[in-house]
Amino acid sequence: MDLNSFNFLSSNEQETLLKDFNDTDADYSRSLTLHAAFERQAEQRSHKVAVVMAEESISYGTLNERANQLAHTLRKHQVGPGQIVGILAERSISMVTAILAVLKAGAAYMPIDPNYPQDRIQYMIRDSEITTLLVQRAELQPNDFSGLLIHLEDAENYNENTSNLVHVNSPSDLAYIIYTSGSTGKPKGVMIEHRNVIRLLFNERNVFDFDHSDIWTLFHSFCFDFSVWEMYGALLYGAKLVLVPVVIARDPAEFHKLLHQHKVTVLNLTPTAFYQLSQVEQEMKQHDLSLRKIIFGGEALTLSRLKNWKKIYPQTQLINMYGITETTVHVTYKELSAEELESTVSNIGKPLPTLKAYVLDSNRNLVPIGVQGELYVSGEGVARGYLNRPDLTQERFVRNPFVAGETMYRTGDLARWLQTGDLVYAGRADQQVKIRGYRIELGEIESALLALDTVREAVVLCKEEPEGISRLLAYIVNRADDNPAYTDYAALLSRSLPAYMIPAQFIEIDAIPMTSNGKIDKQQLFQHEPSLHNDLRNSYIPPQTPTEKKLEEIWNANLHTEHIGIDDSYFDLGGDSIRAIQLLHSMNREFNSSLQLGDLYASSSIRKLSQKLSLHEVQSDHVKVSKIQELERLKEQILGSGK
C-alpha cells in the first residue's frame, strides 16, 4: 500500500470535512448570461440612474442603448462568440459601456489599464491574440496594433440601432479574461465564463440581500477582479454604481466625502484602503455615512483594526471574504461580530454556496481540523483555466479526488479548519503575495530585475510593517564588472511592471545569504535593510525651523525612523504611494493645508515641503486679512447708513 495515499481520518471526520463543512449545494439560473441579466434591469428601471462619474450620469435605459449601438458595430465586424476584445480605458462611463457592448456582441472582454507599461500592454495583446481593441482615446492606442481599432469617444461612428441584439452565446461561454502576475516573469490570463459570475450573485442560498435601492462604488481598477463584483453587483440588481476617480481613490479624505455625498450603502475595499478610510472617519465630528455593508477582500484582514469602526457604526455589517481570480472573485464569507473582532486569527469564514473548500496535505489527502494545509477550491466558480497555457492550467486546475469528474483549483494558500466550520487563512505556500489587493508573484519582479544588464542576482521579499501595511524589498547583487554609483531601479522597472509591483526599496548587497540547507536566508536579508545614512542620501542637514521640525516628527512616525535631513527624499527613505497617502493626511491635519499626492512627488524633501507650506500659510493669511478688511468696510457702511 502507498502510505502517501492512505487516509488516516475516521469516516466521521471525513464526513465532517467533506459534507458538513461543505454543505454548499445550491441551484442557480443556468441559462442566464451577464448581459441578459443587465437587460432585465434596463427594461424594468429604464429611467433610473445606473452609473455616476463626477458630474456625469447615465440611466439604465440610455446605458443599454449606447451599449447596443457599440455591440451592433462590433457584430458588423464579425465580432462574436469565441473571440476576445481588448478594452484599453480608464474608469469611465464609456468603459462600462464598452464592457456591456462586448458581452452583448457575444465575445469576452480583456481589460487593459492604460497606466500599465507599454511592454506589459503589448505582451497582453500578443499573448491573447486579440484582433479587436476598444480604446478610450486616440492617444492611448498602441503603435503596432494591426487589428480592428475602435475609439470609444467616437460615438458618432457607432451603429444607429439601439435595440437589444439577438443573444448568440451561452452561460458557458467566456465573459472576460483578467491577467494576473506570473511566477515565470510573464502575466497569465484567467478565463472566466458567464455562469461563474451569475452563480456568485444569484443562487437559491444567497448570503447577500442586495437590491435596487443600494448604491455601490467602483473603487478598484477593472483589471482587478474585485471590480467584477462591484460592477455586476450593482448593475445586475438595478442599483446605482458610483465610479471613483483614481485621484479620489488614492485620497482617503476625498473618498470619504464621496461616500457621504452619494450616500453609498455597499462598500468593497481591501483592508489597506479601509484602514486609511477608518482613520479619516474617526476624526470626523459627525458620523453619518449610509453604509450598511462593508465587504473586505484581496488581502488578509487584521480584525482588531475594525473595532473602532464597529463602535461608531454598530449597525454596519462587516464582512470578510477570501477569494482569488481563478475561482471568480470570492470563495468564503464571514460576517464579523463585535466579539469576533477581539480574535487574532484571520477568520475567512465558510465556503460560499456553489463552492467547496478542501484543506489538503502535500499528497492531497484531507488533513484534520486544526491542522494547516494547502487550500483547494472546487465548484461552479472555478475558471476554465489559463489562456493559451495548457501546461500551467494542468498544474493548477487538478482532478478533484472527492467528486468524480470535477476539477479543483490549487490556490497555493495555507489554511486550517476551525471546529465551527470556518477557515483560518495562514498565508502563502509559495512566492505569491497580496499587496493592496493585487496578487503579485515575487518571481515576476525578480525576473524583471535580472533582465537588467547590471544585475547578477536578485531576491524580492514582502515585509509587513507594524501598522499592517506590506511593502516590497528588492535585494540586488550587481555584476562584478559593473559598480554603478547609482542605479534608478524603480525607473527601469517601471518600463515593464505596473506601479503596484515596484519595490519600495532596492538594497545592493555583496551576496545572497543562504541557510545551511541551501535556501535563501530571509531573516539575514532583512538585516541588510539600509539605515537612513546610506550612500544614496544627501549630506545630512538637520531641521531648523518649527515647520521643518514638525515635518520631521510626522515623517519619523510615518517611516518608523528618526533623524531625517531636510534634503532627504521621502521616497529614497522607503516611502511609497500608500505611506504617502497617510503622510499627506497627517501633514494636512497638522498644518490645516490641502497638499495633494502630486505635491509630495514634486517636493519630496522636508525643505521643499516647508517652503510650500509657508507659501500656503501666506496665502491663507492674505485671504484672512482680505475677509477682515471686507467686514470692516461692511461695518462702516452699515453704521454710516444709520442701520
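The values are calculated or read from the model by the stated rules, or taken from the named source; none is laboratory data. None of these values were measured; they are calculated from a predicted model. Ideal geometry is used to build each Cβ from the backbone, glycine not excepted, and the neighbour counts take in all protein chains shown. Just the protein is used for accessible areas: all its heavy atoms, side chains included, with ligands, DNA and RNA removed. Shrake-Rupley method; radii C 1.70, N 1.55, O 1.52, S 1.80 Å.
What shape does segment 231-318 have by the C-alpha gyration tensor, where a ≥ b ≥ c are the square roots of the eigenvalues, rounded means a/c under 1.5, and otherwise prolate means a/b greater than b/c and oblate the rest? All intermediate terms of the calculation are to be shown ahead of the outcome.
Values: a/c = 1.37, a/b = 1.27, b/c = 1.08.
Taking the square roots of the gyration eigenvalues as a ≥ b ≥ c, segment 231-318 is rounded.
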How many lysine pairs in segment 171-317, separated by 8 or more positions in sequence or lying on different chains, have Cα atoms less than 24 Å apart? 20
Sort out for me the Cα centre separation of segment 398-456 from segment 287-352, rounded to whole Å. 21 Å
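Mind ordering 42-49, 30-37, 354-361, 218-225 by average Cβ neighbours within 10 Å, highest first?
On the way: 42-49: 14.8, 30-37: 19.4, 354-361: 22.2, 218-225: 24.2.
By packing density, highest mean first, the sequence is 218-225, 354-361, 30-37, 42-49.
Please give me the summed charge of the neighbours of Arg396: other residues whose Cβ is under 9 Å from its Cβ, Lys and Arg +1, Asp and Glu -1.
Numbers: positive: Arg410; negative: Glu326, Glu395.
With Lys, Arg at +1 and Asp, Glu at -1, the neighbours total -1.
Arrange the residues Glu342, Glu441 by how much accessible surface each exposes, largest first, with a 1.4 angstrom probe.
Putting Glu342, Glu441 in descending order of accessible area: Glu342, Glu441.
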Approximate spin-label separation Glu254-Ser213, in nm, with each point projected 7 Å along Cα-to-Cβ: 3.2 nm
Tell me which residues come under 5 Å, amide H to amide H, from Ala50 once H is placed; ignore anything under 5 positions away on its chain. Ile58, Ser59, Tyr60
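FRET efficiency for Asn592 and Ser362, Cβ-Cβ distance as r, R0 = 45 Å, nearest 0.05?
Details: r = 58 Å, r/R0 = 1.28.
Here the calculated transfer efficiency is 0.20.
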Per DSSP H run of n ≥ 4, the term is -39500 (n - 2.57); total these for the chain, divide by its residue number, and report the mean residue ellipticity at 222 nm rounded to 500 deg cm²/dmol. -9500 deg cm²/dmol
Env charge @ Gln419, Cβ radius under 14 Å, K,R +1 / D,E -1, value -1
Arrange the peptides 389-401, 54-66 so that the one whose residues have, on average, the most other Cβ atoms within 10 Å appears first. 54-66, 389-401
What order do you get for 188-196, 315-323 when each peptide is scored by the mean count of other beta carbon atoms within 10 Å, highest first? 188-196, 315-323
Could you tell me whether segment 276-342 comes out rounded, prolate or oblate from its Cα gyration tensor? Rule is a ≥ b ≥ c as square roots of the eigenvalues, rounded for a/c under 1.5, then prolate if a/b exceeds b/c, otherwise oblate. prolate
Given labels modelled 7 Å from the Cα in the Cβ direction, how far is it in nm from Asp25 to Asp521? 5.6 nm
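Which shape class applies to segment 338-491: rounded if a/c is under 1.5, otherwise prolate when a/b exceeds b/c and oblate if not, where a ≥ b ≥ c are the square roots of the Cα gyration tensor eigenvalues?
Details: a/c = 2.83, a/b = 1.63, b/c = 1.74.
Cα axes put segment 338-491 in the oblate bin.
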